[in-house]
């Protein structure tokens, strides 16, 4: 991860930000936060999570997760799946 | 697998560095946009005004892929400026820039007898140039106002715009490519793509009959200028009357096919339940018993000025301004209610810019009583359709044309 960050830092400093001025999108610090950030942010910024709140329940967050893995091909380790859905439901969903 | 080069391009430096603690967080203070009521809480909490390169500050719903809507105040005029035109992408591998000299459009597929490749110069001079004014509205415009809320980009009112498009007829290009009788759909692809190889690329098809409609064009000019990068430079497909999902940006190929195109973005996405909406044009080769692709836009209107919840003075004349549009039949009437729907007045229609365009409208009145005054606008079109009184719910939040209240605070 450190070398990836370094590579990205170099990339950024040489002036290749994709669409200009993307700022960090903070998500709630809670169990599962890192699993979400590490697995989701490669393909999309995390404002997708924050704007889709708070109306999805566990089942519908699970459906979003399944869409990302089964349709969009996100390669997420099985042990992270339950953690991610639980985090999204509790922090950006109806809670249950 | 993740394509490392592309991830490096699209994880933006600032975000990653801030997260890793090397880069001070900050930049310009984040400005909150004016947002309509009824959106998910998370939108009020997250949306900011932010400018993409070459664009004015728009309402940023997501950075990457970029989804930015146009603030409502721009719709007080019937033509939407290029630098304020909304931006919508599904997938985040977007070319940082496209060299117009190197750009090529491939036209072929098994339904074309003489495939060809065109340069931008070919398009600009090799075919008859046509111009038309048309609304590009994201199928999901107003998704954020669905009740109950549904997942997706939580658009408010501004995932739409109206511009003068100049380019060449798809019909002329297909004729040159030797379109065969067996062809049933034309498949369009753009230069942008997914971050992961496994993610279905955003590719769309339209029926041949729509592709060869004289109004379906490939545009290289938008309001007299080249297209902004984030609106599809150097050329995009213009499918007047139909929702923006078909208006492929950064167009690089058109393929004539003899079987229904089976991509995810046709078979699974952008579909509406069959029989629920009053649409005339259907996409027969993509229909199932249960659902069908979204096609034409439903009749709709917007009050752009004054702003919702704006304070106005009792006894002083106020001009309501806005736009109305539909799927290409033409707006015939806009009615305005100044009393929450109890009585209606005909608004004054602005210039007719063509049946695919926004129709501007205005109505002047003088508020008499202090307090909250609820204003409504309702459009009707040339085939007798009018806006819905209540939401026709569908899982993706499409076609929301419910008559919408705007509140003025009279003091």
Sole residue being closer than 28 Å to residue B:79 by Cα, touching a strand residue (DSSP E or B) at 6+ places or on another chain (Cβ under 9 Å) and not in a helix (DSSP H, G or I), chosen from B:186, B:206: B:206
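What are the residues in segment B:147-176 that are over 23 Å from residue A:45 (Cα atoms) and within 14 Å of chain A (Cβ to nearest Cβ), if any? Give the steps one after another, and end with the answer.
First, pick out the residues of segment B:147-176 that are over 23 Å from residue A:45 (Cα atoms): B:147-148, B:161-176.
Correct list: B:147, B:148.
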Residues within segment B:53-82 that are more than 7 Å from chain A (Cβ to nearest Cβ) and either in a loop (DSSP other than H, G, I, E, B) or under 27 Å from residue A:56 (Cα atoms) (or both), tallied: 17
So residue B:280, is it closer than 29 Å to residue B:117 by Cβ, surrounded by fewer than 22 Cβ atoms within 10 Å (Cβ to Cβ) and touching a residue at least 40 places away in the same chain (Cβ under 8 Å): no
Residue count, segment B:6-52 (criterion: under 28 Å from residue B:233 (Cα atoms), at pLDDT 95 or above and either facing chain A (nearest Cβ under 9 Å) or assigned to a loop (DSSP other than H, G, I, E, B) (or both)): 6
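Just to be sure before I move on: is residue B:203 farther than 30 Å from residue B:330 by Cβ, away from every other protein chain (no Cβ under 14 Å) and within 18 Å of the chain's Cα centre (by Cα) in the structure I sent? Before you say what the answer is, go through the steps one by one.
Details: farther than 30 Å from residue B:330 by Cβ: yes; away from every other protein chain (no Cβ under 14 Å): yes; within 18 Å of the chain's Cα centre (by Cα): yes.
Yes.
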Every residue from segment B:222-249 that is over 11 Å from residue B:296 (Cα atoms), in contact with a strand residue (DSSP E or B) (Cβ under 8 Å, 6 or more places away or on another chain) and assigned to a loop (DSSP other than H, G, I, E, B): B:223, B:224, B:226, B:227, B:228, B:232, B:234, B:235, B:247, B:248, B:249
Pick from segment A:73-88, criterion touching a helix residue (DSSP H, G or I) at 6+ places or on another chain (Cβ under 9 Å) and within 13 Å of chain B (Cβ to nearest Cβ), ranking: nearest to residue B:195 (Cα to Cα): A:74
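The values are calculated or read from the model by the stated rules, or taken from the named source; none is laboratory data. Just so it is clear, the model here is predicted, and its values are computed rather than measured. Neighbour counts run over all protein chains shown; Cβ positions are idealised from the backbone, glycine included.
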